[in-house]
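Since the structure comes first, as structure tokens, the remarks are kept for the end.
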Amino acid sequence: MRCSKEVDDIVPNDTDSPAALLADRYGKAPRKSSPLRRWGLTVLGVLFGIGAAWVAYQNLGATPIEGKVVNFNPKDDHAVELTFSVTRDEPGRAAVCIVRSRDGNGDETGRKEVYIRPNDASYSTVIRTSKRPNTAEIYGCSYQVPEYLSSAERPSG
């Protein structure tokens, strides 16, 4: 039994160049871009990489202010005392730390903003909770102190 194609149809002629055979099979090769365009795309790629590295460093780099839990002590079913220290790159600046308590399931039961005075490093505060507290932690610290915390006149209540 013979194949439907003849052997002569499959075997290339000596006159066909490899480039012509490839062009027949796959189509013509795309036009090469100019060197100026390649350099431009390379510069854009490098600038994009530098920008991405800068954003990553700003978001994931060393923090300028950091809080660390020293001790926590549940006072009763609706309060926990938290003692913590603050390390900052500018000790002379005021800051704010948000502290919170959690119950045994990990649910947040209380939260409080604590004003960090300039040049102070250790703090103790009581967090009021809605359920029995299991732990207390520092949620985060920042130099962006809200006006109501930094003003001399504190809100009543």
Within the range 89-110, the count of residues that are over 23 Å from the mean Cα position of the chain (by Cα) and not in a loop (DSSP other than H, G, I, E, B) comes to 4
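With among the hydrophobic types (A, V, I, L, M, F, W, C) and under 18 Å from Ser150 (Cα atoms) as the only criterion, which of Ile127, Ile98 stands out?
None of the others qualify; the one that does is Ile98.
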For Ser130, indicate whether it is touching a residue at least 40 places away in the same chain (Cβ under 8 Å) and loosely packed, with under 15 Cβ neighbours inside 10 Å. yes
**Prompt:** Does Asn71 count as within 30 Å of Lys131 (Cβ to Cβ), out of contact with any Leu (no Cβ under 6 Å at 6 or more places or on another chain) and either assigned by TED's automatic domain parsing to the domain that holds Arg100 or exposed (fewer than 12 other Cβ atoms within 10 Å of the Cβ) (or both)?
**Reply:** yes
| query | Got at least one residue in the range 74-84 being polar (S, T, N, Q), in a strand (DSSP E or B) and either loosely packed, with under 15 Cβ neighbours inside 10 Å or out of contact with any Lys or Arg (no Cβ under 7 Å at 6 or more places or on another chain) (or both)? | reply | yes
The residue that is farthest from Ala79 (Cα to Cα), considering only those in the range 119-135 that are modelled with pLDDT under 90 and in a loop (DSSP other than H, G, I, E, B), is Asn119
So the helices (runs of 4 or more DSSP H) completely within the range 1-68 holding 3 or more residues that are modelled with pLDDT under 80 and surrounded by 10 or more Cβ atoms within 10 Å (Cβ to Cβ) are 18-26
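Of all residues in the range 59-114, which are among the basic types (Lys, Arg) and out of contact with any Asp or Glu (no Cβ under 6 Å at 6 or more places or on another chain)? Steps first, please.
Step one: filter the range 59-114 for residues among the basic types (Lys, Arg), giving 68, 75, 88, 93, 100, 102, 111-112.
If the condition is that a residue be among the basic types (Lys, Arg) and out of contact with any Asp or Glu (no Cβ under 6 Å at 6 or more places or on another chain), then Lys68, Arg88, Arg93, Arg111, Lys112 are the ones that fit.
Listed here are the residues, each with its yes/no results for (1) buried (at least 16 other Cβ atoms within 10 Å of the Cβ); (2) without any contact (Cβ under 8 Å) to a residue 40 or more places away in the chain.
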position: Gly104; (1), (2): no, yes
position: Lys112; (1), (2): yes, yes
position: Asn119; (1), (2): no, yes
position: Pro146; (1), (2): no, no
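The values are calculated or read from the model by the stated rules, or taken from the named source; none is laboratory data. Because the structure is a prediction, the values reported are computed rather than measured. Cβ coordinates were reconstructed from backbone atoms using ideal geometry, including for glycine residues, and neighbour counts include every protein chain displayed.
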